[in-house]
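Here's the structure we're looking at; comments come further down.
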Amino acid sequence: TLRHSPEQLRVRIAEELDRARNRSITLTDAVDREDLVRQHSPLMSPLVWDYAHIGNQEELWLVRDVGGREPVREDIDNLYDAFAHKRADRPSLPLLGPDEARSYVAEVRRKVLDVLERTPLEGRRLTEAGFAFGMIVQHEQQHVETMLATHQLRVGAPVLDAPAPPPGRAPASDEVYVPGGMFLMGTDLEPWALDNERPAHAVGVEPFWIDADPVTNAQYIAFVEAGGYDDERWWTPAGWAHRQAAGLAAPQFWHRDGDTWRRTRFGHVEEVPPQEPVQHVCWYEADAYARWAGKRLPTEAEWEKAARYDPATGRSLRYPWGDDDPTAAHANLAGAHLQPAPVGAYPDGVSPLGVRGLIGDVWEWTSSDFTPYPGFAMFPYPEYSEVFFGSDYKVLRGGAWATDPSACRTTFRNWDYPIRRQIFAGFRCARNARPEDADV
Ligand code: AVJ
Ligand code: FE
């Protein structure tokens with residue numbers, strides 16, 4: 001999207017809208033009507049709510065605001081306002097049924113494609129470089145990821161399948177040295193970057209070491225089997241209280257079968273693959289593991305420097321591998337495999353410093369609270385990020401196997417509560433460098 005002519009941009013936007021819609025349709029067509037309207041966990045909306053909410057957001061921003069057209073269904077705005085009803089309450093609302101939701105969403109899309117044909121993609125900030133369309137593409141893709149989390153919580157026969165990921169390979173070394181000093185964090189150039197990724201600004205970090213790969217299941221099992229869940233020393237007071245209250249003893253969806261750890265993944269029960277990044281751990285678990293390992297979580301500035309700083313030029317890249325858009329060779333994205341790949345499976349995705357698996361596989365918890373960058377300006381609405389700023393949420397970086405490339409960049413910031421485990425989140429560790437480490 002960086003250097004498109006207006007006509008190429010229109011084609012690209014239509015393709016992105018279509019790709020997002022194909023994913024939402026796949027996930028909603030995969031289950032029967034009962035599973036579409038049912039709540040599979042109080043943490044999640046019924047799938048049919050996500051589906052109609054996707055259409056409603058698209059109507060609000062692209063049909064009404066960008067297009068200036070008459071509302072399609074103004075009467076349902078409140079039902080699909082995420083701030084008006086908590087997820088737990090959504091099943092009891094008079095929601096559109098599956099057929100109604102499908103025809104509503106399709107009608108909105110027909111109008112949007114017409115709006116796209118007639119809208120200048122320059123001038124007005126909301127439509128400059130197709131921003132509002134890009135925002136809606138990313139919104140749908142984020143809900144696709146949420147719907148995948150709902151599928152993972154659903155109990156019953158498997159309905160989703162995908163080919164296995166490529167094989168992994170060992171890293172050259174377990175940790176990578178990141179030099180201290182300034183780098184450019186955030187972006188002004190990425191046309192579809194959301195408000196919280198802006199503006200680009202110089203940030204200094206102290207020299208540090210970061211894990212070459214995300215923490216694997218095998219590494220995490222060592223923590224579990226060393227009694228890490230029963231040793232208060234590794235946990236913050238809030239983490240320990242939560243571990244006790246929630247009875248945490250292993251990642252979500254794991255169980256012990258004799259001597260073997262197994263996991264349930266989209267209805268399939270399988271042995272926990274040792275070389276895959278661990279997922280379905282909350283921030284408190286990640287933080288406790290890091291302390292047990294004699295390390296800590298990286299800050300989001302450290303994560304971003306490790307991901308995009310090129311020491312040869314001093315420049316910040318768009319992606320770890322350079323400025324090209326992600327392909328299937330760079331990273332495990334877009335739900336292609338429905339699971340993380342073993343570490344080292346994407347040699348083309350390595351960062352200039354030699355850090356691997358930064359994009360895709362699992363969202364990575366950072367130690368940072370979700371706060372605005374200096375010079376932050378809310379755009380185009382406060383409910384995307386601004387209302388979430390503060391100390392309640394921790395930042396996650398890098399995207400998961402479920403994340404679409406359109407909603408995944410080295411600058412992209414995700415956030416969630418430190419207790420959340422149903423998201424596709426893991427982590428890697430970091431530690432401060434000593435002065436003599438600079439010689440390596
Ligand atoms: C950025 C993933 C935290 O799912 O709550 C979806 C994205 N915002 N609809 C979320 C979002 C509005 C958001 N996250
Ligand atoms: Fe939403």
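The values are calculated or read from the model by the stated rules, or taken from the named source; none is laboratory data. Being a predicted model, the structure only gives us computed values, none of them experimental. Backbone-built Cβ (ideal geometry, glycine too); neighbour counts: all protein chains shown.
In the range 11-64, the qualifying residues are those that are touching a Pro at 6+ places or on another chain (Cβ under 9 Å) and β-branched (Val, Ile, Thr), and the one that is farthest from ligand 2 (Cβ to nearest atom) is Val37.
In the set (1) farther than 17 Å from Val48 by Cα; (2) within 15 Å of ligand 1 (Cβ to nearest atom); (3) in contact with a Gly (Cβ under 9 Å, 6 or more places away or on another chain), Thr119 fails one condition alone, (2).
Of the residues contained in the range 297-309, none is found to be modelled with pLDDT of 95 or more, within 28 Å of Met147 (Cα to Cα), under 25 Å from the mean Cα position of the chain (by Cα) and part of a strand (DSSP E or B). Residues in the range 149-172 include at least one that is within 16 Å of ligand 2 (Cβ to nearest atom) and in contact (Cβ under 8 Å) with a residue 24 or more places away in the chain.
Considering each residue of the range 69-87, count those that are within 16 Å of ligand 2 (Cβ to nearest atom) and either within 25 Å of the chain's Cα centre (by Cα) or not acidic (Asp, Glu) (or both), and give that number.
Our first condition is that a residue be within 16 Å of ligand 2 (Cβ to nearest atom); within the range 69-87, this holds for 76-87.
Among the residues that remain, those that are also either within 25 Å of the chain's Cα centre (by Cα) or not acidic (Asp, Glu) (or both) are: 76, 78-87.
Number of matching residues: 11.
Would the range 384-391 turn up any residue that is within 12 Å of ligand 1 (Cβ to nearest atom) and in contact with a strand residue (DSSP E or B) (Cβ under 9 Å, 6 or more places away or on another chain)? The answer is yes; a qualifying residue exists. Within the range 338-360, residues that are free of Cβ contacts under 8 Å to residues at least 60 places away in the same chain sit with their Cβ atoms under 8 Å from residues that are among the polar types (S, T, N, Q) and crowded, with 24+ Cβ neighbours inside 10 Å, at 6+ positions apart or across chains, in these pairs: Leu358/Ser351; Leu358/Thr410; Ile359/Thr410; Gly360/Asn332; Gly360/Thr403.
What tally of residues in the range 415-440 results from selecting those that are assigned to a loop (DSSP other than H, G, I, E, B) and under 30 Å from Val144 (Cα atoms)?
Residues of the range 415-440 assigned to a loop (DSSP other than H, G, I, E, B): 417-424, 427-429, 433-434, 440.
Among the residues that remain, those that are also under 30 Å from Val144 (Cα atoms) are: 417-424, 427-429.
Total satisfying the criteria: 11.
Do we have any residue at all in the range 354-363 that's within 12 Å of ligand 1 (Cβ to nearest atom) and more than 18 Å from the chain's Cα centre (by Cα)?
In the first step, residues of the range 354-363 are kept if they are within 12 Å of ligand 1 (Cβ to nearest atom); the result is 363.
Those left that are additionally more than 18 Å from the chain's Cα centre (by Cα): none.
Checked against the condition, which is being within 12 Å of ligand 1 (Cβ to nearest atom) and more than 18 Å from the chain's Cα centre (by Cα), the range 354-363 yields no hits at all.
Scanning the range 159-194 for residues that are surrounded by 15 or more Cβ atoms within 10 Å (Cβ to Cβ) and under 30 Å from Thr26 (Cβ atoms) yields Val159, Leu160, Pro165, Pro166, Gly168, Glu190, Pro191, Trp192, Ala193, Leu194.
Of all residues in the range 397-411, how many are more than 16 Å from ligand 2 (Cβ to nearest atom) and either out of contact with any helix residue (DSSP H, G or I) (no Cβ under 9 Å at 6 or more places or on another chain) or not charged (D, E, K, R) (or both)? Counting residues in the range 397-411 that are more than 16 Å from ligand 2 (Cβ to nearest atom) and either out of contact with any helix residue (DSSP H, G or I) (no Cβ under 9 Å at 6 or more places or on another chain) or not charged (D, E, K, R) (or both) gives 8. The number of residues in the range 97-143 that are away from ligand 2 (no atom under 16 Å from the Cβ) and either charged (D, E, K, R) or not in a helix (DSSP H, G or I) (or both) comes to 21.
The criterion of being surrounded by 14 or more Cβ atoms within 10 Å (Cβ to Cβ) and within 23 Å of Pro171 (Cβ to Cβ) does not hold for Asp231. Only a single criterion out of (1) of a type in the set (D, E, K, R); (2) free of Cβ contacts under 8 Å to residues at least 40 places away in the same chain; (3) buried (at least 20 other Cβ atoms within 10 Å of the Cβ) is not satisfied by Asp50, namely (2).
Looking at the range 189-230 only, could you name the residues that are farther than 20 Å from Phe427 by Cα and charged (D, E, K, R)?
As a first pass, look at the range 189-230 and keep what is farther than 20 Å from Phe427 by Cα: 189-204, 206, 230.
Residues satisfying the conditions are Glu190, Asp195, Glu197, Arg198, Glu206, Asp230.
Taking the criterion of being among the polar types (S, T, N, Q) and in contact with a Pro (Cβ under 9 Å, 6 or more places away or on another chain), the only residue of the range 314-328 that qualifies is Thr327. Identify all residues within the range 242-267 that are out of contact with any Ser or Thr (no Cβ under 7 Å at 6 or more places or on another chain), within 25 Å of Glu145 (Cβ to Cβ), among the hydrophobic types (A, V, I, L, M, F, W, C) and in a loop (DSSP other than H, G, I, E, B); write none if there are none. Within the range 242-267, Leu248, Ala250, Phe266 qualify. Looking across the range 374-396 at every residue that is within 17 Å of Trp192 (Cα to Cα) and away from ligand 2 (no atom under 16 Å from the Cβ), the one that is surrounded by the fewest Cβ atoms within 10 Å (Cβ to Cβ) is identified as Ala377. When the criteria are applied in full, Leu353 fails the requirement of being hydrophobic (A, V, I, L, M, F, W, C), in contact with a Ser or Thr (Cβ under 9 Å, 6 or more places away or on another chain) and at pLDDT 95 or above.
Residues in the range 8-62 that are of a type in the set (Val, Ile, Thr) and under 17 Å from Arg102 (Cα atoms): Ile25, Thr26, Thr28, Val31, Val37, Val48, Ile54.
Please count how many residues of the range 104-134 are under 25 Å from the mean Cα position of the chain (by Cα) and either closer than 21 Å to Leu79 by Cα or small (Gly, Ala, Ser) (or both). Selection size over the range 104-134: 6.
Each row is one residue, and each column tells you yes or no for (1) out of contact with any Asp or Glu (no Cβ under 6 Å at 6 or more places or on another chain); (2) aromatic (Phe, Trp, Tyr); (3) surrounded by 18 or more Cβ atoms within 10 Å (Cβ to Cβ).
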{"residue": "Pro277", "(1), (2), (3)": "no, no, yes"}
{"residue": "Gly357", "(1), (2), (3)": "no, no, yes"}
{"residue": "Asp361", "(1), (2), (3)": "yes, no, yes"}
{"residue": "Phe370", "(1), (2), (3)": "yes, yes, yes"}
